[in-house]
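Only the coordinates and a few stated rules stand behind these numbers; no lab work does. Predicted model, so just to flag it, every value in this text is computed and none were measured. Cβ atoms come from the backbone with ideal geometry, glycine included; neighbour counts cover every protein chain shown.
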Amino acid sequence: MAPSSHIFHFTGNLQLRMEAGLLAWQNAFREKHGNLNFSRCNIDDTSPERLFEELSTPPFLAEKRLTLVRITPKPKAKEGWSKKEPKKAPERPFPGYEEPKYWKKLIGAIPEDHIVAFVGAGHVSALEKILLETAAVKDFSTDDVSDFIQSRLPLISPANARILMNRIGGNMLLLENEIQKLALLPSISETDILENTFESAEVIVFEITDALLAGNVGKSRILFRKFHSQFERDPEFLGSILGVIRKSWVYAGLVSHGISPRSAAELLELKPMPARIMQSVPKGRLRAFWSFYESLIHADILLKTGRLVGNDGLLHHIETGLLKYSLSLKGS
């Protein structure tokens, strides 16, 4: 099936480039057709009925109409907290966003003179599948992050490109922002990268988790002290650590029951380093490690219920947990 000439799928991990492409697209449309036939909507705050009505509308006193439809990911449940049951929606004859028949009917109802751009459709699998068959794709993505860095920063060496890549992790939006910052420098050394870029929370989380899984209490203590200000900047930081630790623990259980390491890591969306470390952790250390995990859960609960105030109180709680972890390792 040939892609439609009026339905587009904006996709990719280069978010800044995608937003720049969308902005240029909007400006070009407005210059030619004006603002009256341009609209935006997000399915988070638009009902299926309203979206259907919006996209099936022909242009008004113009040759073309343009609508941008954004799909944002649903927030994940926080680690350590019970997920509230959503209120049951009343029964409706109109199909919902999760149903392929809704999107098939909607795509078929869009007039050819109404241009529609879907952004972030990967968060709704039923929509993405249909768009792959019917839409023209605007792909803003890269698989080779190191090559992307060097294409944007000609002055950076391959070794320093890898340092920047490891410092940022998989956060492509942060990487694009840091590239813009480094592009202002006349040269880019390792020191320039360390002094002028922000290490992503994702990388920090895995540094701490790797040290804990390896039973390196001394390094764990240094990392918690080094990054304790991150807890104030990012309220979800501790929850992120808990999530990675819990995934690592579940991963060990899956592998021990015969599931291949690769399949288990893919199933849990687990980074390879914690997975590899967990495979070789002695059982005695695993018991001590899980005890420290429970101590972190307790800290998270105290923080969220207002019974643990400030970073100093949190750091004291973590230090106490690390001491118990160390003693447990010596006794195992």
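Sort the following peptides by mean Cβ neighbour count (other Cβ atoms within 10 Å, averaged over residues), highest first: 119-125, 99-105.
Working: 119-125: 17.4, 99-105: 15.6.
Most protected by this proxy first, the peptides run 119-125, 99-105.
For the pair His316 and Ser47, what calculated FRET efficiency results from E = 1/(1 + (r/R0)^6), where r is the Cβ-Cβ distance and R0 = 51 Å, to the nearest 0.05? Spell out each step's value before the answer.
On the way: r = 49 Å, r/R0 = 0.96.
After rounding to 0.05, the efficiency reads 0.55.
Packing-wise, with mean Cβ within 10 Å as the measure, how do 248-254, 189-195 rank, highest first? Walk me through the numbers before you get to the answer.
On the way: 248-254: 18.3, 189-195: 13.0.
Most protected by this proxy first, the peptides run 248-254, 189-195.
Multiply the residue separation of Leu267 and His123 by 0.36 nm, subtract the distance between their alpha-carbon atoms, and state the gained length in nm to one decimal.
On the way: separation 144, 0.36 × 144 = 51.84 nm, distance 1.73 nm.
50.1 nm is the gain from fully extending Leu267 to His123.
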Square roots of five times the C-alpha gyration tensor eigenvalues of the chain, ordered largest first and given in whole Å, equal 44, 26, 19
Within the set Ile156, Ile259, Ile188, GNM on the chain using Cα springs under 10 Å gives the largest fluctuation to Ile259
Taking Cα atoms, the helix 15-33 axis meets the longest principal axis of the chain at an angle in degrees (rounded to 10) of 20
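So what's the stretch 145-196 giving for Rg/Rh, alpha carbon basis, Kirkwood Rh from the mean inverse pair distance?
Details: Rg = 9.5 Å, Rh = 10.6 Å.
The Rg/Rh ratio comes out at 0.89.
Ranking request for peptides 206-216, 130-140: highest mean number of other beta-carbon atoms within 10 Å first, then the rest in descending order. List each step's numbers first, then the result.
Values: 206-216: 20.5, 130-140: 16.5.
Highest to lowest by the protection proxy: 206-216, 130-140.
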